[in-house]
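First up is the structure itself, then whatever we jot down about it.
The values are calculated or read from the model by the stated rules, or taken from the named source; none is laboratory data. These numbers come from a predicted model, not from an experiment. Positions of Cβ are backbone-derived with ideal geometry, glycine not excepted, and every protein chain shown enters the neighbour counts.
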């Protein structure tokens, strides 16, 4: 087709002459050009078909990815919900255990103080008997302090802890035993500061007894 168009231009411009031989060959040239055009059209259609197939495959892949991402998002949300529910249950359990521990400590403190008051009330009116009972209480407290310091110092040396680190360890251990004590209280007890409550002495004694006087 392009060849025929160029030939027509040349004829119109006078650069080519229309000869009998040229006229005879025109149909053959036209068929040849048509065959080339048909081949080109088929190739173009084949390319378009390939492009369409690739486009369809890409669209299918994108759709599959969107579906998979949606499924993964659902799984993640379910896991987050389960984690939040489990965390809430654990928090509630810890809160309940702490409440029971505090209540138990309060009851133990009240019971110990009541027993001490009853012992003081029921003691002999004689000064010698009263002095004997009071001396017994002081002896018990002093014995606990001695054993506490011995055990405290051994552990601090074995574990290479500072004094503050060792006091913190005592607090953690006592709380694991169900007690509740402050670091400052442990320091005061170690240093022999007066005014320790019965509950403090009981908790310190429980800590010492929990190790059975063995260094860990």
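Go over the candidates 45, 13, 91 one by one and state the one that is farther than 30 Å from residue 182 by Cβ, at pLDDT below 80 and either in contact with a helix residue (DSSP H, G or I) (Cβ under 9 Å, 6 or more places away or on another chain) or outside the structural domain of residue 200 (by TED's automatic domain parsing) (or both). Only one candidate passes the filter, namely 13. If the condition is being free of Cβ contacts under 8 Å to residues at least 12 places away in the same chain, over 28 Å from the mean Cα position of the chain (by Cα) and more than 14 Å from residue 149 (Cα to Cα), then region 163-200 contributes 182, 184, 194, 195. Of everything listed in (1) modelled with pLDDT under 85; (2) surrounded by 10 or more Cβ atoms within 10 Å (Cβ to Cβ); (3) more than 38 Å from the chain's Cα centre (by Cα), the single unmet condition for residue 76 is (3).
Among the residues of region 151-165, those that are farther than 18 Å from residue 183 by Cα and part of a helix (DSSP H, G or I) comprise 154, 157, 158.
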